[in-house]
1. Name the residue, out of 142, 135, 122, that is open to solvent by 10 Å² or more (accessible area, probe 1.4 Å) and either touching a residue at least 40 places away in the same chain (Cβ under 8 Å) or more than 30 Å from residue 361 (Cβ to Cβ) (or both).
2. Against the condition at pLDDT below 95 and surrounded by fewer than 19 Cβ atoms within 10 Å (Cβ to Cβ), how does residue 147 come out, does it pass?
3. Please report, ordered by residue number, the strands (runs of 3 or more DSSP E) entirely within the range 294-409 with at least 3 residues that are of a type outside the set (S, T, N, Q) and at pLDDT below 65.
4. Can you pull out every residue in the range 238-253 that is of a type in the set (A, V, I, L, M) and either at pLDDT 95 or above or outside any loop (DSSP other than H, G, I, E, B) (or both)?
5. Looking only at strands (runs of 3 or more DSSP E) that fall completely inside the range 160-237, which ones have 3 or more residues that are more than 29 Å from residue 116 (Cβ to Cβ) and free of Cβ contacts under 8 Å to residues at least 40 places away in the same chain?
6. I'm trying to understand the selection: among the residues of the range 207-261, which are over 12 Å from the mean Cα position of the chain (by Cα) and hydroxyl-bearing (Ser, Thr, Tyr)?
7. What is the one condition in (1) open to solvent by 40 Å² or more (accessible area, probe 1.4 Å); (2) under 19 Å from residue 107 (Cα atoms); (3) touching a Pro at 6+ places or on another chain (Cβ under 9 Å) that residue 244 does not satisfy?
8. Pick from 4, 78: which is open to solvent by 20 Å² or more (accessible area, probe 1.4 Å), at pLDDT below 95 and either assigned to a strand (DSSP E or B) or among the basic types (Lys, Arg) (or both)?
Amino acid sequence: MDQRLWEEREKIYACWLCSFPAIRSRQLHRLYDIFGCMEGIYYAGREEWEKVLSPGQTELLKEYTAAWRPKEAYCRIRDQGFELVTFYDKAYPKRLKSIPDAPFFLFVRGKLPREDVPAVAVIGARECSEYGKFVAKQLGAVLGRCGVTVISGMARGIDGISQEEVLNVGGSSAGVLGCGADICYPARNRDLYERLARQGAVLSAYPLGTPALKRNFPPRNRIVSGMADAVVVIEARVKSGTLITVDMALEQGKEVYVVPGRVTDKLSEGCNRLIRQGAGVMLDPDAFVEELWELWERKNGYFQDKAHSTGRTVGKFTENGWAESGGEAVTDSISRIQEGQRTAALPPELEAVYKALDFEPRSAEEIRGKLPTEFRDRQIITCLMKLCMDKWAFQVSPGRFCRKGDGGI
């Protein structure tokens, strides 16, 4: 049989078995090892299946198979825009294949991440602060512009914000779901789901139609870290799903970086604890990307020396902060980025008031005290209300204002 036709036939029977909900990944691997192909598993029958499956599973598979029309079901799945990639396909992500207990299959809508560029998992709190939103947007923008793929869970908060910004700058991202790849969860992220399918991918290790159950998310998080070269954490409580993902990443041998936060912030307790335990500190998105590329090139055998063919210079951390290999300070740091190049579009007095704001609420008088002398006699409340109307700031409580994490958006 022609190789192409054989591969297509294997896909048909792979859709049959991988759409069966009552089977575990390890059992799928064992069945494939025994029978050598998906069609062989299909025609093996009940007695052979019982070499791997329990009697209950075998009975369910028999009933399921009797009602399943392999070719029709496969065509229906393809017509919906989904591809099935199994562990033994050439398209299966190499990074994911190397982790313990790698998923046997992925249902994918879109295009899987490239293997020839680094990939980073950006994760963090769902109920994030304005500071967390800001950092997630800045990091997503830098990663997207530098050609780094962002892997995340498409969740509200840090995950979704970073992925949206990657797509906004024309980059690529993959969303790993804790439900079937045909289900948008959370529903509010429908626009992000559709954009990911066009500019990157949405994927799942669960059969199509699987609901978003709580037990599905820890295994999903293992895939998020498994598909990345490094993990960046932006805000995490001490007890959170984010730290579970970090544990999985460390077991997989992935690099973990953390964005530090105020010691008084509950949302930063998990991050600051990870730093104390030895995690890398992400202070500068540009320097982080430089280091990431160097690590990735060394791992893949591309790195030659400081003047290697890509022309990149790698950020080094010294007692004076990040510096390039030539010793000059890297100009783009978070502290500078926080001033926001986009504020150039604001009138001078509004720009000055915006720069006096923080992610922690301040009173109008506290903000006035931060202003340059030439602006201190302005109507500060009028400026603040104008910034709130234009979504650069918001009023947290009467008389207290805060910089908005996605200001000007």
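1. Details: 135 fails: open to solvent by 10 Å² or more (accessible area, probe 1.4 Å); 122 fails: open to solvent by 10 Å² or more (accessible area, probe 1.4 Å).
Of 142, 135, 122, the one residue that is open to solvent by 10 Å² or more (accessible area, probe 1.4 Å) and either touching a residue at least 40 places away in the same chain (Cβ under 8 Å) or more than 30 Å from residue 361 (Cβ to Cβ) (or both) is 142.
2. yes
3. Result: 321-323.
4. 243, 244, 246, 248, 249, 250
5. Values: elements: 173-176, 201-204, 230-234.
Correct list: empty, since no element meets the threshold.
6. Scanning the range 207-261 gives 210, 240, 257.
7. (2)
8. Unique residue meeting the criteria: 4.
The values are calculated or read from the model by the stated rules, or taken from the named source; none is laboratory data. No experiment lies behind these values; they were computed from the predicted model shown. Glycine also receives a Cβ, built like all others from the backbone with ideal geometry; neighbour counts cover every protein chain displayed. Side chains are part of the model used for accessible areas, which takes the heavy atoms of the whole protein and leaves out ligands, DNA and RNA. Shrake-Rupley method; radii C 1.70, N 1.55, O 1.52, S 1.80 Å.
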